[in-house]
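First up is the structure itself, then whatever we jot down about it.
The values are calculated or read from the model by the stated rules, or taken from the named source; none is laboratory data. Model, not experiment: these values are computed from the prediction. When we count neighbours, we look across all protein chains shown, and the Cβ atoms used for this are built from the backbone with ideal geometry, even at glycine.
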Amino acid sequence: MQDKTFGTAGETVVVEELLEGEEVSCLCFTDGVTIAPMPPAQDHKRLKDGDEGPNTGGMGAYSPAPQISKDLLLKIRETVLQKTVDGMRKEGVPYLGVLYAGLMLTKDGPKVLEFNCRFGDPECQVILPLLKSDLYEVMQAVINKKLSSSMPVWFEDSAAVTVVMASEGYPGTYPKGLEITGLSKAKELGLEVFHAGTALKDGKVVTNGGRVLTVTAIKEDLMTALQEANKGVAAINFKGAIYRKDIGYRAIAFLSQSRGLTYKNSGVDIAAGNILVQKIKPLAAATSRSGCNAELGGFAGLFDLKAAGYKDPILVSGTDGVGTKLKIAQACKKHDTIGQDLVAMCVNDILAQGAEPLFFLDYFACGKLDVEVAQGVIAGIAEACQKAGCALLGGETAEMPGMYPPGEYDLAGFAVGAVERGQMLPQLERIADGDVVIGVASSGVHSNGYSLVRRIVEKSSLDFSSQVGVSGDQTLGDLLLTPTKIYSKTLLPVLRSGHVKAYAHITGGGLLENIPRVLPDSFGVVLDALSWKIPEIFCWLHKEGNISEEEMTRTFNCGIGAVLVVQKELAQQVLKEVQKHEAAWLIGKVVPLQKGSAHVKVHNLLQALQANRSLSVRSHIQGKIQTNKVKVAVLISGTGTNLEALINSTKKPTSFAEIVLVVSNKAGVEGLRKAERAGIPTRVIDHKLYGSRIEFDSAVDRVLEEFSVELICLAGFMRILSGPFVKKWEGKILNIHPSLLPSFKGANAHKLVLEAGVRVTGCTVHFVAAFLLPSKKIHKLHDTALCPYVSNCASTGHFTANAQSELMAGMNGSMWQPH
């Protein structure tokens, strides 16, 4: 350098770090603020198997790369991708689009080799096929800077492999114009063929570049995907084609390494738990208040009572869950409001001691952690903590394989509050005869009594998806999931005023069990149900479940979420204060308790429920009643087990079908009695009285015409239908089998299912049509429809329905809509 041997080039020295490890590509979408990582990929640059030969533009790729664990991907996301996007934004050059990071996995961690502003080739051919979301919608979210609310979803448990086919001589000089054959064969194998160096000449596809095309396979695992991709490459031919057969060999070797059992193998994914913690940290931080910072990650949470302004505090704690309201949330896949129920059940309880809620802890338990679901639940908890004025100080996420079925989870909460020693409630010694009871409105059922609620819905004509409300913009499930009200911020100032002698949270046990908990043993209360507004949902539950008045008041809050006991002279003043924030009424008074008398008497409850009943039918709990229903006749031969499910379904106002007739070829069967009990007309047409099937079917046809039947449903009808009958009713005869064929066939399907211990429910539904079928038992059927109990008699539109009770739910006119 001193001798200027290298000329001006020798004036600069570049010191490079020698990096050793595997190269991977980690890409992400970004809108300049949020990043959405893609599955990591690895390409193969060398021309020949075993990474031999010259470097190329890429001879194949695979995704996801198993060498990158969830923890490592999270680290790359935070330390490489997110930091890069944040840095560019801070420098005034925000980047929107696809960010490509080429990395090397060294023993010291991932090191950045390069950045690109593109998808990459051949990485693109294995990443985009794994995208479950609409690419256009993701791109729009990037452009509109709304990526955080439209994060892309990827196919899980899938792997993609792409193999590049190159021209002979590549990466040097190579011929062009060679005909390519076998493309259609690759398509028939279910593979994707991406063209690069190709052209169309004289109606034929020919080579026109170095790297000619790639063949991509998407399968459940990497090995299978590679095998399928290689089959596609073998099917495609052009002279001198070069390609590798070992794409993904590093990953396969990595996966083949002998490893001991891991916690993840056993069903507990610590990486998923860590991802969840990262996602909920900002949610918890938003609940910080005087006394704590609400920072997650430590072994325990701290709270400074002095910083919160307390001088001589008494700590008050409460714990609760949400009960089987969770079942409805899980059935409706609505997880964002159940967190408020959890917080409300705890903080409303400690309010009964006059305590301000200070902090909250949650417990989320599941069999397999779904990060998105858990995040939604905990986001609801954090939002509710803000409404209650308490900090989300910590919690526990328990993933317990085998304890919960897939998709189910359980919740528990724990709240701690404080009250100055002289302000504790209830003040039993002050409660006297004539004190007034103020009722504070609930938002609905809150979080108690849901085992009974679910049973009522099950027996009713509605389900959780039934549209309710005047405008039909709410489902019954949404209505039942209305979150429990949180009273701490609105009622605490009133409780601290000194005018309130007692507060009761109307929780499990309803009005009858909860009010006595804050009264002296010598007193009870008398309430007048006509003095407050009972929400319509309670009127509907009362009517549909035929529930007694005592059961209503012992199970539900009946529209009163909390009660206050105040001196008569101060009642109006306290009521006005409460009504600034909540609906409230004077609902009763304190009375001396006579020996043997009930602690709580509710007068006029039945009258109040009936007064609102017509209103509930007119608006909330009516649903969209279908008009112009399809008139259905059900043909049976026996007990009518299937018929009963159909009757229950068609009773629902949202059903498109109406059963106008039940026909049996046997007299005195139980199915006829079930129809008669449901008020459905019945006819018996004994097949033994007719000389042929055609004569019998003609008699049936006349009855169907008499009742203006539009659709026929065979439900255990054990007769072969004639060809003329089937042709006349073509496309209008449905047959159902009470199991998921072909698992359980024949007349004893229910018995076989129970003996096999099967837990999946469903039925098989098909149209009946006339056609010929060779069989061991039935060699040839001339101009007849097959007997409906033969499992392979379906000819058009064979599919399975979720359950027999949904069979009629989707029929509209002559169109059958499977569920």
Give just the number: which of (1) aromatic (Phe, Trp, Tyr); (2) touching a helix residue (DSSP H, G or I) at 6+ places or on another chain (Cβ under 7 Å); (3) surrounded by fewer than 22 Cβ atoms within 10 Å (Cβ to Cβ) does residue 364 not satisfy? (3)
Could you go through region 383-395 and let me know if any residue there is outside any loop (DSSP other than H, G, I, E, B), under 27 Å from the mean Cα position of the chain (by Cα), within 30 Å of residue 262 (Cα to Cα) and of a type in the set (D, E, K, R). no
Please go through region 229-263 and give me each residue that is more than 23 Å from residue 70 (Cβ to Cβ) and buried (at least 20 other Cβ atoms within 10 Å of the Cβ), ordered by number. 229, 232, 233, 236, 238, 242, 243, 244, 247
With the structure loaded, tell me whether residue 284 is at positive phi, touching a residue at least 24 places away in the same chain (Cβ under 8 Å) and of a type in the set (A, V, I, L, M, F, W, C) or whether it fails that test. no
Name the pairs whose Cβ atoms lie under 8 Å apart, with the first residue in region 244-256 and at positive phi, the second of a type in the set (Phe, Trp, Tyr), and 6 or more positions between them or separate chains? 248/62
Counted residues in region 494-550 being within 39 Å of the chain's Cα centre (by Cα) and of a type outside the set (Phe, Trp, Tyr) come to 30
Check 639, 650 and return the single one that is polar (S, T, N, Q) and either on the phi > 0 side of the Ramachandran plot or surrounded by fewer than 17 Cβ atoms within 10 Å (Cβ to Cβ) (or both). 639
Within region 754-769, restricting attention to residues that are more than 28 Å from the chain's Cα centre (by Cα) and either surrounded by 12 or more Cβ atoms within 10 Å (Cβ to Cβ) or among the hydroxyl-bearing types (Ser, Thr, Tyr) (or both), which residue is modelled with the lowest pLDDT? 769
Being under 24 Å from residue 44 (Cα atoms) and basic (Lys, Arg), is that true of even one residue in region 80-98? no
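Sort out which residues of region 715-737 are among the small types (Gly, Ala, Ser), part of a loop (DSSP other than H, G, I, E, B) and surrounded by 19 or more Cβ atoms within 10 Å (Cβ to Cβ), and write them in order of number.
The first filter runs over region 715-737 and keeps only residues among the small types (Gly, Ala, Ser), leaving 715-716, 722-723, 731.
Restricting the remaining residues to those that are part of a loop (DSSP other than H, G, I, E, B) gives 716, 731.
Matches in region 715-737: 716 only.
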Can you report the number of residues in region 562-616 which are farther than 24 Å from residue 446 by Cα, among the polar types (S, T, N, Q) and either touching a helix residue (DSSP H, G or I) at 6+ places or on another chain (Cβ under 6 Å) or crowded, with 17+ Cβ neighbours inside 10 Å (or both)? 1
Here, helices (runs of 4 or more DSSP H) confined to region 569-669 with at least 2 residues that are modelled with pLDDT of 95 or more are 571-579
Exclusive hit being within 33 Å of the chain's Cα centre (by Cα), surrounded by 14 or more Cβ atoms within 10 Å (Cβ to Cβ) and assigned by TED's automatic domain parsing to the domain that holds residue 80, set 171, 152: 152
Take residue 260 and tell me if it is under 37 Å from the mean Cα position of the chain (by Cα), of a type in the set (Gly, Ala, Ser) and within 24 Å of residue 40 (Cα to Cα). no
Considering each residue of region 174-221, count those that are in contact with a Lys or Arg (Cβ under 6 Å, 6 or more places away or on another chain), surrounded by fewer than 19 Cβ atoms within 10 Å (Cβ to Cβ) and polar (S, T, N, Q), and give that number. 1
Within region 475-495, the residues that are of a type in the set (D, E, K, R) and either on the phi > 0 side of the Ramachandran plot or assigned to a helix (DSSP H, G or I) (or both) are 478, 489
Within region 688-714, take every residue that is of a type in the set (S, T, N, Q) and within 14 Å of residue 724 (Cβ to Cβ) and give me the one that is surrounded by the fewest Cβ atoms within 10 Å (Cβ to Cβ). 692
From 52, 22, residue being surrounded by fewer than 17 Cβ atoms within 10 Å (Cβ to Cβ), in contact with a helix residue (DSSP H, G or I) (Cβ under 7 Å, 6 or more places away or on another chain) and either modelled with pLDDT under 95 or outside the structural domain of residue 224 (by TED's automatic domain parsing) (or both): 22
What do you reckon, is residue 297 within 34 Å of the chain's Cα centre (by Cα) and modelled with pLDDT under 85? yes
What about residue 728, is it over 25 Å from residue 763 (Cα atoms) and modelled with pLDDT of 90 or more? yes
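Quickly run through region 151-170 and pick out the residues that are out of contact with any strand residue (DSSP E or B) (no Cβ under 9 Å at 6 or more places or on another chain) and either basic (Lys, Arg) or in contact (Cβ under 8 Å) with a residue 12 or more places away in the chain (or both).
Passing the criteria: only 157.
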